[in-house]
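Structure first, commentary second.
We did not get these values from a lab; they are worked out from the coordinates using the rules stated. These figures come from a predicted structure and were not determined experimentally. With ideal geometry, Cβ positions are generated from the backbone for all residues, glycine too; neighbour counts draw on all protein chains shown.
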Amino acid sequence: MMRRILEVLAVVAVVSAAALPQAPVHAATALSSAPAVSRAFSADLGNVTDADFQKVVLKSKKPVAVLFWAAWCGPCRMVTPNVDRLAQQHPEILAVRLDVDANPVTPAKYDVQVLPTIMVFQKGKAATRINGARSQTALERDLSPYLKKASSSSAHPGS
């Protein structure tokens, strides 16, 4: 009887392990595939790294929306086209993305623990944080303080 229970448990363990999503065999495999994934989902969103974060983001004269993302993150891939469209429709805000796997220093500095996270930096300081994927409409609402369309419509209540 005990042998039969152990056999059943072994089968359950094998089936359960086979059903789990598999991580890349090597970290290098994941990193080498990231550019292809990023191009597929984001033709216009610029990339920023730990090395150029201060120059591109913190020293920018206009607000910068930084999408913290990873190639393996499904919600990140879903929100990237929305951030792309937002950036195209609102040139008053610069939108870039930072791959957290390739650039671990900046996400740690700003305590990014959820992917995707969008942070807006203004005048060198973190001003807004949005955790999780959002539709383009929700992004426009959440980022309205930085968008010209929102400021012109807020001058006319009810419009």
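Are there trypsin sites (Lys or Arg not before Pro) in region 42-98 that DSSP marks as loop and that have at most 14 other Cβ atoms within 10 Å, and which are they?
Lys59, Lys61
Using a cut-off of 13 Å between beta-carbons, work out the net charge of the residues near Trp72 (Lys and Arg +1, Asp and Glu -1, Trp72 not included). Mind showing how you got there, number by number?
Details: positive: Arg77; negative: Asp99, Asp101.
Value of the local net charge: -1.
Taking the Cα-to-Cβ direction at Asp52 and at Trp72 and moving 7 Å from each Cα, how far apart do the two end points lie in nm?
A separation of 2.6 nm, rounded to one decimal place.
Go through Ser135, Leu98, Gln113 and say which Cα lies farthest out towards the positive end of the charge dipole of region 85-139; charges sit on Cβ, +1 for Lys and Arg, -1 for Asp and Glu.
Result: Ser135, furthest along the dipole toward the positive end.
Ala102 versus Gln88, label points 7 Å from Cα toward the beta carbon: distance in nm?
Placing both labels 7 Å along Cα→Cβ, they lie 2.2 nm apart.
How far is it, in nm, from the label point at Ser144 to the one at Thr128 when both lie 7 Å from their Cα along the line to the Cβ?
About 1.0 nm separates the two model spin labels.
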